[in-house]
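First up is the structure itself, then whatever we jot down about it.
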Amino acid sequence: MRPVALVYPPTCDPTAPYLSLPTLAGWLRSHGVEVLPVDANVEAFDALLQRAPLHQLANQLEHRLLELERKTSLTHQEQLIYGALWAARGDALAAPDAMDDAVAVLRDRTGTRFYDMAAYGDAVTTVEAGMRLISAAHAPLTMSFTGYRTPFSLLNAAEVALDAGPQRNPFHDYFCALVDRLRAANVLLVGISVAFPGQIQPAYSLAHLIKQRWPEVHVTVGGPALTQLFQGLTDVQAAAAKGPFDSVITYEGEVALLDLVRTLQRGETPPALVRGEMTEDMGRLPAPDFTGLPLEKYFSPQLVLPYDPTRGCYWGKCTFCHYGLAEVGTAAYRERPVEHVLSHVKTLMEKHGTSVFYFSQDAVNPKTMLRIVRTAKEQGLRFRWSTDMRPERSLTPERCAELREGGALSMALGVESASPRVLELIDKGVPVETVRGAIESLAGANIAVEAMCFTDFPTENAREAMATVAFVDSLKDKLGLFICGEFDLTKGSLVAQDPSQFGIEETWRVAGDELGMGLFYQERKDPKSPQERQRVDEALTRVSRNWRLEHYPWAGALSTAHTMLYYARFGPDCFRGFARHAKGTVPGAQPKVFPSRFDVLTILEHAPQTEGGLWEEMVYARREVGRQLHDAMANALPRARPSPGRYLVAPGGVVTPASGGPGRTRSSRGGRRGTTAANATKQPVRGWS
């Protein structure tokens, strides 16, 4: 029988494998299906983040700049590209020659340089500079390990196809080689698993290329992000959203994927849209099977494996929450038998030589984890682990001590807010003092506590937002890390189902958004003035200085492989200890002066602001989006006229007048509140998912 290829596309965390492919591979292999797993995410970044390809992209950036410098004036759209290229020019000078050593630091098996915060910081800064170079060379693309966006991303099938073209797709060369590899293996089916929004466009780009070069092979897609995309679409919208895929599997995929394989093996035509069924009995599921994945390629000195002892959320009532494998809220809570969990963990330890696991699920019941660690102790099985939990009253000092003895490194807790009224609206079910008690018990047991908070829940006022900031500040000596993002409305949340109950006057979608990616809302009144919002931001910035916080997926971001390894080496308070360490630099970077035909600083400052205004006009005033409308408004704007100058550039978006004076900095490191991935995917208008 022909094998089945399972592909995990960019763009996502390259430091550890994700769970979807091993879970599907384990299920298919247990039913006699040969599987070819491909972590295209880590393979693609392994191919891109090297000296030679980055030098090619630096040359591409300079060529694009030269073409713009020759123009007698710049349109608004050209100004955006011009600014993006200048902002990345310092990165293009420095990142290529430093990249090979940076990646070597991240993979340092001895740990000598990986656990040296100065060397590690330089490596992270270099990789981030490389990512900015890749983005700018393909401008108007903005790409990170959490996001992948162009101005008209995923609005309609035509825009999806345009972004799949070789000039817009940084993964094109790698994808071409991957298609050749899949053809050589003569696979029956290519299944693409899309877990996160940043993978959606690259998944479509890969599917377009497969169908161009090998039209007869069946290409299917599934995963949480695709499930969210297809939820609520009309038949017409779903047909458009299917695009280059032959079929789409929504919700949990094991049973549906096996049925699809059997249908193709019989030579029959499967349905185009398949709703997967929830696995009620998790005792049926085999262990995740990582065999065939390029485990040596992950950007980490030690392998950290994910494992799912449970699925879904046992509370399942939080009104803001929507995870992609449920129509509303979160999926129903289910557990693997404890004896299966420990058997699987032991097998993975022996097979892959690792003893560090991330238990990946919505939220595991603390009592379940106690049963797991108690049984592991009886069996003499020792491993280290981290996971997500609700801050329950059951997390007493005694039980937390047991969890620590059983290998617990860290717990990410859904704190959400410290305002009792907001918590009641959220239906969190855990009062503030219970949350405080859980944090203190875990910290007292030497377990790193990661607090997940957010502000701007509908009707939240400044006093309530500041209560959350003050709560974090009061526990700064107990918390290993924290994150404070902003509320965003998702279509499967209870707030979106009944917005009037939460002070929302209306919700709407915009014309032209054919795939239904955006959901926007207007509160009855704005509960915070601009001055109050600024004070909240300033307070969060002050509190953030107590930790060394990083963007996902680096050490200093919540629930990442690198963060877990740092906890294991230095203890739960290490990121407070590293707070005074300077941020990294790109080794060998030398600022350089370039002449320009246009006023670079004015363009850097005003073009993005103007672009934001255009999108505000389209989304909130006209409630219609699209390239034609955008360009009509943009073409009516004044062009940039020549204003020659000389500018010094350096990595991190630094652009300074060569003659001295104030410089301007465009840096991906800044971000509102500086607290990891919540700020890495900000949109020009609220509500774009």
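Per-structure values
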read-out	value
Close pairs (6 angstrom Cβ cut-off, 6 or more residues apart or separate chains): farther than 13 Å from Leu24 by Cα in region 257-270, in a helix (DSSP H, G or I) and modelled with pLDDT of 95 or more anywhere	Pro270/Leu260; Pro270/Thr263
Close pairs (7 angstrom Cβ cut-off, 6 or more residues apart or separate chains): within 21 Å of Ala650 (Cβ to Cβ) in region 96-107, buried (at least 23 other Cβ atoms within 10 Å of the Cβ) and of a type in the set (Val, Ile, Thr) anywhere	Ala98/Thr126; Ala98/Val586; Met99/Thr126; Ala102/Thr126; Ala102/Val127
Any hit, region 616-630, residues being farther than 26 Å from Tyr521 by Cα and assigned to a loop (DSSP other than H, G, I, E, B)	no
Test: residue in region 167-187 that is among the hydroxyl-bearing types (Ser, Thr, Tyr), within 23 Å of the chain's Cα centre (by Cα), buried (at least 23 other Cβ atoms within 10 Å of the Cβ) and in a helix (DSSP H, G or I)	no
Condition met for Glu277 (at pLDDT 95 or above and surrounded by fewer than 21 Cβ atoms within 10 Å (Cβ to Cβ))	no
Subset of region 154-166 that is part of a loop (DSSP other than H, G, I, E, B) and in contact (Cβ under 8 Å) with a residue 24 or more places away in the chain - its residue that is nearest to Val625 (Cα to Cα)	Leu155
Scope region 279-296; condition part of a loop (DSSP other than H, G, I, E, B) and more than 15 Å from Leu258 (Cβ to Cβ); matching residues	Glu280, Asp281, Ala287, Pro288, Phe290, Thr291, Gly292, Leu293, Pro294, Leu295, Glu296
Which numbered condition Thr354 fails, given (1) at pLDDT 95 or above; (2) farther than 30 Å from Ala5 by Cβ; (3) among the β-branched types (Val, Ile, Thr)	(2)
Qualifying position, being part of a helix (DSSP H, G or I), more than 24 Å from the chain's Cα centre (by Cα) and without any contact (Cβ under 8 Å) to a residue 24 or more places away in the chain, among His63, His55	His63
Whichever residue in region 491-542 is buried (at least 18 other Cβ atoms within 10 Å of the Cβ) and at positive phi and, among such residues, is modelled with the lowest pLDDT	Gly516
Which numbered condition Tyr333 misses (of (1) closer than 23 Å to Ile447 by Cα; (2) among the aromatic types (Phe, Trp, Tyr); (3) surrounded by fewer than 19 Cβ atoms within 10 Å (Cβ to Cβ))	(1)
Wholly enclosed helices (runs of 4 or more DSSP H) of region 340-443 bearing at least 3 residues in contact (Cβ under 8 Å) with a residue 40 or more places away in the chain, farther than 30 Å from Gly503 by Cβ and hydrophobic (A, V, I, L, M, F, W, C)	397-405
Cys400 surrounded by 16 or more Cβ atoms within 10 Å (Cβ to Cβ) and over 29 Å from the mean Cα position of the chain (by Cα)	yes
Any hit, region 198-215, residues being assigned to a loop (DSSP other than H, G, I, E, B), more than 23 Å from Gly329 (Cα to Cα), at pLDDT 95 or above and not hydroxyl-bearing (Ser, Thr, Tyr)	yes
Looking only at region 1-44, and only at residues there that are of a type in the set (D, E, K, R) and touching a Phe, Trp or Tyr at 6+ places or on another chain (Cβ under 8 Å), the one that is surrounded by the most Cβ atoms within 10 Å (Cβ to Cβ)	Asp39
Only listed residue being surrounded by 16 or more Cβ atoms within 10 Å (Cβ to Cβ) and at positive phi, chosen from Gly243, Gly324, Gly267, Gly253	Gly243
Positions within region 11-52 being acidic (Asp, Glu) and assigned to a strand (DSSP E or B), in sequence order	Asp39
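The values are calculated or read from the model by the stated rules, or taken from the named source; none is laboratory data. Predicted model, so just to flag it, every value in this text is computed and none were measured. All Cβ positions, even for glycine, are placed from backbone atoms using ideal geometry, and neighbour counts span all protein chains on display.
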